[in-house]
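The values are calculated or read from the model by the stated rules, or taken from the named source; none is laboratory data. Because the structure is predicted, anything quoted here is derived from the model rather than measured. When we count neighbours, we look across all protein chains shown, and the Cβ atoms used for this are built from the backbone with ideal geometry, even at glycine. Note: areas computed on protein heavy atoms with side chains; ligands, DNA, RNA excluded. Shrake-Rupley method; radii C 1.70, N 1.55, O 1.52, S 1.80 Å.
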Amino acid sequence: MSEKIRVRFAPSPTGYLHIGGARTALFNWLFARKAKGIFVLRIEDTDIDRSTLESEEKILEDMKWLGMDWDEGPDTGGPFGPYRQSERLNSYLESVRKLIDEGRAYPCYCTEEELKAKREESLSQHRTPRYDGKCRNLSKEEIKKLEAGGRKPAIRFKIKEGQIIIDDMVKGKVSFKGEEVSGDFIILKSDGTPSYNFAVVVDDVTMGITHVIRGDEHLNNTPRQMMLYEALGFSLPSFGHLSMILAPDHTKLSKRHGTTAVGEFREKGYLPQAILNYIALLGWAPHGEQEFFSLEELVENFSLDRVALNAAVFDITKLKWMNAHYIKEMEEEKLAETVLSYILDYHEYLNNNPDLKNVDWKFFEEADKSSEAFNLLKELVSMLKESIFTLDDFVYLAKDFLPSADENFAFETDAFETLSKPESKIVLDAFKAEIEASPEITSDNLKSLIQAVQKNSGKKGKDLYMPVRAVSTGKLHGPEIAKLFPLLGKERILKRLEYALNKALPAGQKN
């Protein structure tokens, strides 16, 4: 076995990259990078009916987006390829023949119906279902008769009884009894494809994997795999099993709890650095109180001896908080570029939301071509960055301040109710007079303008600011007026005032 540390992440391309899979990949990646070892990406695609190239491509895309690269894999190649199980069938068949020749495996002709009936019988008698070894000692005549009847055998491995001890890098010593394994298990299905437990052993050995770090749902598979290592004459790798990630209700995290796929988080406007930072802390405890880590800092600090035994609980509120932190910390031009790239990539997804149907997507399409549009985008980012948790929040908040929004301007119910009060009309008239008299609206003259409105209307506090904000934004809550008014400018504020005074307010209050 190679002296250099070699680890692998081996997803099945039957769906998306789950947040739990991403954490497994990250812990392997960090372990390899800290040891200056090799990180291998292997695709376990022997589930022919469910595996798709589309899923594989999406998994690889999400891994790259998160910032995890690999030294060997299906797209990069390497000295131990191929890196798809479907392209490695010959190596499995060679190992099967070796086990049969040495009397450690045998053909099994039991049908699915027969096995199901035996399983149901065991369960009805409150016994753990185990294969009863019916085909272990078939005679040549019996085999010939079964094959003449058209039966195609699976290949089963003969288990040995006795204690099996796993010296787990995370859990410590874990023991199993060989007889607790569910009987002689299948290593090659009747259709010629290998079982998971068999293929993973052959792959890990032929790829020189030294450390197997995976979720603890695989812990019960490990005794079978250790038996196979021994039977094939292979040295054992070091095993480490990571605790599960649970939902807030302490059940297994799944789709019913909301977003669980990396691609969905990406679609909803989460940043890759926030996701990586957050999942690194799901089950791993760094020294000290530090919560925010760069990738380089994660590599430097990571160790398996700080990985927790207890399950981690996924907290979407904490992830959002972390995402907001990274948004706030980003330099404004870089954030504007990030927001723009996100909107251009996902505007079809965003447009499926009824609340965003009237967004001016053309403005964003032209923002990378027009310095004027991009400058406005930067101003919007500066104004809103303290209020957004995810990139899609920006679209919801910014849509009312795009130039095209003036044509479809409307008031939320509570803003309309505020503007409908007789005392608000006094504020709006004074506000309009001051706006018209000002050559332009800037951060420098805004304070004196508001002071003049206060003096001329006789209103102050929320009686002053609520109507002013409502008429400018259509809402009672939003960005700071000091940033908002210079961004909107004189002409756009006047348009909104005219709309409120002449179209939106009750007839008795219109000019």
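When Leu380, Leu397 are checked against the criterion of being over 27 Å from the mean Cα position of the chain (by Cα) and not small (Gly, Ala, Ser), a single residue qualifies: Leu380.
Residue by residue, here is whether (1) open to solvent by 20 Å² or more (accessible area, probe 1.4 Å); (2) free of Cβ contacts under 8 Å to residues at least 24 places away in the same chain; (3) in contact with a Gly (Cβ under 9 Å, 6 or more places away or on another chain) holds:
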residue	(1), (2), (3)
Asp429	yes, no, no
Glu440	yes, no, yes
Asp444	yes, yes, no
Gly458	yes, no, no
Gly461	yes, yes, no
Met466	yes, no, no
Lys490	yes, no, no
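Scanning the stretch 11-31 for residues that are over 15 Å from the mean Cα position of the chain (by Cα), surrounded by fewer than 23 Cβ atoms within 10 Å (Cβ to Cβ) and touching a residue at least 60 places away in the same chain (Cβ under 8 Å) yields a total of 1. Scanning the stretch 364-397 for residues that are among the charged types (D, E, K, R) and outside any helix (DSSP H, G or I), we see that the one that is least open to solvent (accessible area, probe 1.4 Å) is Asp368. Residues of the stretch 342-363 that are open to solvent by 60 Å² or more (accessible area, probe 1.4 Å) and not aliphatic (A, V, I, L, M): Asp345, Glu348, Tyr349, Asn352, Pro354, Asp355, Lys357, Asn358, Lys362. For the structure I just gave you, tell me whether Phe265 is aromatic (Phe, Trp, Tyr) and over 30 Å from Lys357 (Cα atoms). So Phe265 fails the test. Of the residues screened, Thr413 is not one that is surrounded by 14 or more Cβ atoms within 10 Å (Cβ to Cβ) and closer than 26 Å to Lys357 by Cα. For the stretch 398-465, the helices (runs of 4 or more DSSP H) that sit wholly inside it and include 3 or more residues that are under 23 Å from Ser382 (Cβ atoms) are 446-457. Can you tell which of Thr222, Thr210 is closer than 20 Å to Gln163 by Cβ and among the hydroxyl-bearing types (Ser, Thr, Tyr)? It is Thr222. Among the numbered conditions (1) under 30 Å from Ser303 (Cβ atoms); (2) open to solvent by 40 Å² or more (accessible area, probe 1.4 Å); (3) touching a residue at least 12 places away in the same chain (Cβ under 8 Å), the only one that Lys173 does not meet is (3). Within the stretch 492-504, the set of residues being within 19 Å of Pro403 (Cα to Cα) and either of a type in the set (Gly, Ala, Ser) or open to solvent by less than 10 Å² (accessible area, probe 1.4 Å) (or both) comprises Ile493, Arg496, Leu497, Ala500. Among the residues of the stretch 236-250, some residue qualifies, meaning at least one is modelled with pLDDT of 95 or more, in a loop (DSSP other than H, G, I, E, B), open to solvent by 60 Å² or more (accessible area, probe 1.4 Å) and hydrophobic (A, V, I, L, M, F, W, C).
Do we have any residue at all in the stretch 110-118 that's surrounded by 15 or more Cβ atoms within 10 Å (Cβ to Cβ) and not in a helix (DSSP H, G or I)? Within the stretch 110-118, one or more residues are surrounded by 15 or more Cβ atoms within 10 Å (Cβ to Cβ) and not in a helix (DSSP H, G or I). Taken over the stretch 57-98, the residue count meeting the criterion of being under 23 Å from the mean Cα position of the chain (by Cα), assigned to a helix (DSSP H, G or I) and either of a type in the set (Asp, Glu) or buried (at least 18 other Cβ atoms within 10 Å of the Cβ) (or both) is 8. Scanning the stretch 287-308 for residues that are open to solvent by less than 20 Å² (accessible area, probe 1.4 Å) and free of Cβ contacts under 8 Å to residues at least 24 places away in the same chain yields one hit, Phe293.
Determine, yes or no, whether Lys4 is assigned to a loop (DSSP other than H, G, I, E, B), over 19 Å from Lys252 (Cβ atoms), without any contact (Cβ under 8 Å) to a residue 40 or more places away in the chain and not β-branched (Val, Ile, Thr). Judged against the criteria, Lys4 is not a match.
The residues listed here are Lys64, Lys98; of these, the one that is more than 20 Å from Ile275 (Cβ to Cβ) and at pLDDT 95 or above is Lys98. Cβ-Cβ distances below 7 Å connect the following pairs, each with a first residue in the stretch 64-80 that is touching a residue at least 60 places away in the same chain (Cβ under 8 Å) and farther than 14 Å from Arg42 by Cα, a second residue that is open to solvent by 30 Å² or more (accessible area, probe 1.4 Å) and not in a loop (DSSP other than H, G, I, E, B), and a separation of six or more residues or different chains: Trp65/Arg266; Gly67/Leu295. Residues that are in contact (Cβ under 8 Å) with a residue 24 or more places away in the chain and open to solvent by less than 70 Å² (accessible area, probe 1.4 Å) within the stretch 119-143 comprise Pro129, Tyr131, Gly133, Cys135, Leu138, Ile143, listed in sequence order.
Only one entry of Ile166, Ile159, Ile143 meets the criterion of being assigned to a loop (DSSP other than H, G, I, E, B), aliphatic (A, V, I, L, M) and within 23 Å of Ser195 (Cα to Cα), and that entry is Ile159.
In the stretch 205-228, the residues that are among the polar types (S, T, N, Q) reach residues that are in a helix (DSSP H, G or I) with C-beta atoms within less than 7 angstrom, at least six apart or across chains, in these pairs: Thr206/Ser91; Asn221/Asn197; Gln225/Asn197; Gln225/Val200; Gln225/Val201.
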